[in-house]
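To keep things clear, I will list the structure first and then write my remarks on it.
The values are calculated or read from the model by the stated rules, or taken from the named source; none is laboratory data. Note that the coordinates shown come from a computational prediction; the quantities given were computed from them, not determined experimentally. Note that each Cβ is placed from the backbone with ideal geometry, even for glycine, and that neighbours are counted across all protein chains shown.
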Amino acid sequence: MKAIVNGTIVTPHGEEKGSLLFDEHIQAITPENAPLVHQVDDLIDASGLYVVPGLIDLHIHGYLGEDTSDGSEEGVRTMAKGLLANGVTSFLPTTMTVSWPEIEAALENVRKLKPESQTAAFVGSEILGVHAEGPFINPERKGAQAADNILEPDADKIIPHKDIIKILAMAPEMPGGMDCIRKLAQEADIVIAIGHTSATYEQAMEALAAGASHITHTFNAQTPLTHRAPGVVGAALLSDAVCELIADNFHIHPALFRLLYEMKGEKLVLITDCTRAGGLKDGEYTLGGQPIFVKGIECRLADGTIAGSVLKLNNAVKNYKDGTGIPLHEAINAATLHAANAIGVADKKGSLETGKDADIVLMDNDFVVHKTIVRGTVKYTKGVS
């Protein structure tokens, strides 16, 4: 049995002083100064740090020079290892609208790695599945996606991969889009996201009624909210859909963080939409086969189109908290419990509660990560290579 002592434990409902006991799973939270209820073989002194659940990134294309769509085993391993320093204990490697053979190769690559990522020997964050962003998107709102690789919605292409795809982002207004959503809702346990879309408010609401339940990077690459045409953003705000938010203070003005917090509550999920440039210096990189240019927090194509981000999820939580003024536990929930709920894994992930996987992070007041624990195994310690 292991125990973390002398920390402030962040639960879904607040903060408490005490000790956290765990093996592969959370065993107990013991009040401050109370005797430990189990024999402890490994004592971790938090030294006043926050003890929070492991962060979950549902939308991340790449990191440290690697990209999910490359289909490289070592590339995904590099991503998984690098994300530990950001407090991410589980994630969905995310594909782009590259060619269909490349997408299938990337799916197979992640499929092979997923079981290993659940073991103590795996040096990295756990893989929960794949987020497929495209290829069923609208060319009008393709953003940094390549138009030549866009396909008409076809559920029969997705169903053979329902074991590994957790989220599919698509444009429901494209020919066959609504039928695709209905078929996938009936035959696959996949979260359907509305994204890279020119759908009207009415079409978005129809898609949500047909089985979609998720909005890809809210406000970005979708029809805006206006007073005569509420658009996808209006549908996102006025429905029960889960809304992704890239809280990098660039994709979305931080004044809107509070709006989303007030209107979406537990249906808001922080994501990074990070590219292979994440964790690296400014310069030229690629995304989906296209060159992107990184300067500070901005990633753009040559024509100025915004192309993903270099955001780290722990920084997203900080930005969200700073922009809203909400309590720490609510900001943490947006990158943990809300994400787990969105893809149906909240019985195992997303909060420090008895019986759940021991995915734990120690971080300070500036959201700097000092230690990351995945399924009870310490996999990252700040300053230790």
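Checked against (1) of a type in the set (A, V, I, L, M, F, W, C); (2) buried (at least 23 other Cβ atoms within 10 Å of the Cβ); (3) closer than 16 Å to residue 98 by Cα, residue 147 passes all but condition (2).
Within the range 113-145, can you find the residues that are over 20 Å from residue 349 (Cβ atoms), in a loop (DSSP other than H, G, I, E, B) and of a type outside the set (A, V, I, L, M, F, W, C)? 134, 135, 138, 142, 143, 145, listed by residue number.
Would you say residue 199 is closer than 20 Å to residue 300 by Cβ and surrounded by 18 or more Cβ atoms within 10 Å (Cβ to Cβ)? No; evaluated as a whole, the condition is false for this residue.
Residue-wise test of (1) on the phi < 0 side of the Ramachandran plot; (2) buried (at least 23 other Cβ atoms within 10 Å of the Cβ).
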| position | (1), (2) |
| --- | --- |
| 229 | yes, no |
| 242 | yes, yes |
| 254 | yes, no |
| 261 | yes, no |
| 273 | no, yes |
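The listed residues are 282, 303, 248, and the only one of them that is closer than 16 Å to residue 316 by Cα and either at pLDDT 95 or above or not aromatic (Phe, Trp, Tyr) (or both) turns out to be 248.
Every residue, every condition in (1) closer than 30 Å to residue 1 by Cα; (2) outside the structural domain of residue 189 (by TED's automatic domain parsing); (3) part of a helix (DSSP H, G or I), yes or no:
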| site | (1), (2), (3) |
| --- | --- |
| 33 | yes, yes, no |
| 39 | yes, yes, no |
| 57 | yes, no, no |
| 90 | yes, no, no |
| 111 | no, no, yes |
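A single entry from 376, 325 fulfils the requirement of being more than 19 Å from the chain's Cα centre (by Cα) and assigned by TED's automatic domain parsing to the domain that holds residue 241: 325. For the criterion of being in contact with a strand residue (DSSP E or B) (Cβ under 6 Å, 6 or more places away or on another chain) and at pLDDT below 95, residue 32 passes.
In the range 358-377 there is at least one residue matching the filter, namely being closer than 22 Å to residue 13 by Cα, at pLDDT 95 or above and among the small types (Gly, Ala, Ser).
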